[in-house]
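A quick write-up on the structure given underneath.
The values are calculated or read from the model by the stated rules, or taken from the named source; none is laboratory data. Computed from a predicted model, the values in this text were never measured in an experiment. Here the Cβ is made from the backbone with ideal geometry for all residues, glycine too, and neighbour counts use every protein chain on show. Just the protein is used for accessible areas: all its heavy atoms, side chains included, with ligands, DNA and RNA removed. Shrake-Rupley method; radii C 1.70, N 1.55, O 1.52, S 1.80 Å.
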Amino acid sequence: MLLSILTSIFLILSFPNFNLNYLVFIGFVPLFLAIEKNSRKKAFWFFYVSGFLFYLGTLYWLYHVTGFGLIVLCLYLALYFGVFGFLIAFLGRPGIFLYPAIWVLLEYIQSRLFTGFGWTLLGYSQYKNLPFIQIADFTGVCGVSFVIMLVNVAIWRLVKHKKLSRSLSFVALVLIAVYAYGFFRLNSEEKSPTVKVSIIQGNIPQEIKWQPEAREAILNRYITLTKIAAIDDPDLIIWPETSFPGFFGNDRKMTSEVLELAGEIDTSLLLGANTVKGAKYFNSALLISGKGEKIDKYDKIHLVPFGEYVPFSDKFPVLHDLVLGELGEFTEGRDFKIFELPVDKLKAGKSQVNFAALICFEDIFPELARKFVKNGADFLIVITNDAWYGRSGAPYQHAACSVF
């Protein structure tokens with residue numbers, strides 16, 4: 001059990017805020033040693049406990065929104081660790097590539113099953129290790145996870161047998177190939193049109209964000225910062241997720257102020273706002289033209305469980321009472337909206353530039369980004385509000401995911 005806990009510690013330290021990312025390459029070795037000569041049942045539980053502690057230590061910030069959801073999520077995610085341990089004990093000692101393949105398959109399922117939660121995948125720990133992660137352009141983050149697990153298995157075998165083998169030599173060649181490709185990609189020159197963007201960071205504390213008496217001050221802060229940013233004559237100015245302190249369109253006075261702002265600075269403005277249509281609420285991104293006209297709207301497609309909706313609450317309404325989030329139920333969007341940046345001020349050297357906006361944790365679902373690009377997006381924007389989670393590792397872990 002101590003070895004299992006040691007694995008949890010190594011893995012926790014590999015991710016933000018600690019960022020000791022080299023520890024992930026030996027993180028599973030203590031756990032592999034712990035299950036040797038143990039039954040499949042014990043292997044499952046050793047891995048399960050290690051996984052639970054790992055997720056609790058990295059996702060602890062969820063308690064700011066829902067303590068109940070945090071525990072349920074960690075208990076669920078730990079199952080993937082448990083299944084991995086069981087399969088290792090069941091399979092015995094197959095080829096060195098099988099264990100990494102199983103791990104990647106489990107990560108893939110975790111990222112998609114029950115709406116998916118692909119957070120703190122092993123590959124994300126290497127988000128600052130640029131040469132190492134370049135293979136993600138054709139393997140995705142799971143390819144990075146595969147190599148990490150491959151190194152763990154190789155070191156485990158080295159510790160166990162205390163001698164080198166052909167398989168270990170082959171793993172060394174894999175690492176050389178990964179880094180060689182990485183340096184090649186980083187030094188490849190790619191030319192494309194440019195768009196000048198200004199990003200507005202309001203830094204509004206979550207505890208005052210929805211207080212009625214704070215709405216005017218919040219909007220004034222964003223307006224002031226936007227006017228300052230407009231001095232640099234950008235093509236596009238971006239506000240964060242739900243930065244508009246109300247319901248865009250319904251709160252007419254504040255809506256008019258934003259439209260007038262865009263017209264005054266003569267610059268396109270992308271902002272995050274809650275919107276209402278009938279009895280349905282949406283988490284939206286809105287594009288305002290430099291003429292002060294609302295051009296288009298994207299409604300968030302992949303909602304956050306327990307934050308924006310409660311899973312199975314339609315069948316069990318009592319679940320609402322167990323969730324501590326400030327927001328109610330949101331409705332998911334359906335349209336993969338592509339925004340067209342108005343060309344009247346565009347300096348990009350082409351007639352039209354298209355982009356898409358991913359909201360909150362939508363950037364951890366690669367299929368969403370791919371769909372937007374296939375629909376014609378030239379670049380992607382991620383708007384988010386990570387103030388929900390206080391001073392924690394959440395925004396840094398989110399940034400690690402967003403790199404990919």
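Protein chains only, probe 1.4 Å: how do V403, V276 rank by accessible area, largest first?
Details: V403 75, V276 45 Å².
These residues rank, largest area first, as V403, V276.
Cβ under 11 Å from G140's Cβ, G140 left aside: what net charge do those residues give with Lys, Arg +1 and Asp, Glu -1?
Local charge sum for G140: -2.
Just to be sure I understand: of the beta bridges DSSP finds with both ends in the chain, what percent are antiparallel, rounded to 5? Mind dumping the intermediate values first?
On the way: 17 of 30 bridges.
The antiparallel proportion sits near 55 percent.
Which of rounded, prolate or oblate describes segment 1-95 when judged by the alpha-carbon gyration tensor and an a/c cut-off of 1.5?
Note, shape of segment 1-95 comes out oblate.
When only Cα pairs under 8 Å and 6 or more residues apart are kept, what is the percent relative contact order across the chain?
That works out to 15 percent.
Under the Karplus relation 6.51 cos²θ - 1.76 cosθ + 1.60, θ = phi - 60°, what is the ordered set of whole-Hz ³J(HN,Hα) values for segment 286-299, x standing for Gly and Pro?
After applying 6.51 cos²θ - 1.76 cosθ + 1.60, I find 10, 9, 10, 6, x, 8, x, 10, 6, 8, 7, 9, 10, 9 Hz.
Counting Lys and Arg as +1 and Asp and Glu as -1, each charge on the Cβ, what is the dipole of the chain about the Cα centre in debye, to the nearest 20?
The dipole magnitude comes to about 1960 debye.
Taking the full set of protein chains and a 1.4 angstrom probe, give the accessible area of L164 in square angstrom, rounded to the nearest 10.
For L164, the solvent-accessible surface is approximately 140 Å².
Going from most exposed to least, what order do D266, D296 have by accessible area with a 1.4 Å probe?
Sorted descending by solvent-accessible area, the residues read D266, D296.
Residues with amide H under 5 Å of E241's amide H, sequence separation 5 or more or different chain, H placed in the peptide plane at 1.01 Å from N; which?
Here T384, N385 satisfy the definition.
For a test of the definition: using alpha carbon positions, the gyration tensor, and the 1.5 limit on a/c, classify segment 220-288 as rounded, prolate or oblate.
Numbers: a/c = 2.28, a/b = 1.94, b/c = 1.18.
It comes out prolate by the Cα gyration axes.
Helix 252-265 sits at what angle to the longest principal axis of the chain, using alpha carbons and giving 0 to 90 degrees rounded to 10?
90
Against the longest principal axis of the chain, how steep is helix 141-161, in degrees 0 to 90 to the nearest 10, with axes from Cα atoms?
Orientation of helix 141-161: about 20 degrees from the principal axis.
Quick one: grab the alpha carbon gyration tensor of segment 98-158, order the square roots of its eigenvalues as a ≥ b ≥ c, and give me rounded if a/c is under 1.5, else prolate or oblate depending on whether a/b is larger than b/c.
Oblate shape, in that a/c is at least 1.5 and b/c is the bigger or equal ratio.
Give me the 1.4 Å probe accessible area per residue for segment 155-240, excluding ligands and nucleic acids, in Å².
Accessible surface, normalised per residue, equals 66 Å².
Students sometimes get this wrong: rank D335, D235 by accessible area, probe 1.4 Å, all chains present, largest first.
On the way: D335 85, D235 10 Å².
Per-residue accessible area, sorted high to low, gives D335, D235.
If you line up the long axis of helix 98-110 against the longest principal axis of the chain, both from Cα atoms, how many degrees apart are they, to the nearest 10?
30
Over the chain, with a Gaussian network built from C-alpha contacts below 10 Å, which listed residue (V49, V174, V141) shows the highest mean-square fluctuation?
Of V49, V174, V141, the most mobile in the Gaussian network model is V174.
Per the helix-only calculation at 222 nm, which mean residue ellipticity applies to the chain, given -39500 (n - 2.57) for every DSSP H run of n ≥ 4 and division by its residues, nearest 500 deg cm²/dmol? The partial results should precede the final answer.
Details: 14 runs with 179 residues, N = 404.
It lands at -14000 deg cm²/dmol.
Would you work out the relative contact order for segment 52-178, in percent, from Cα pairs under 8 angstrom that are 6 or more residues apart?
Over segment 52-178, the number comes to 20 percent.
For segment 218-304, compute the number of Lys pairs whose alpha carbons are separated by less than 26 Å, excluding pairs fewer than 8 positions apart on the same chain.
18
Lys and Arg at +1, Asp and Glu at -1: add these up for the other residues within a Cβ distance under 15 Å of A43 and post the number.
Local net charge: +4.
Can you list the trypsin sites (Lys or Arg not before Pro) in segment 249-294 that are in a DSSP coil and have 14 or fewer other beta carbons within 10 angstrom?
K291
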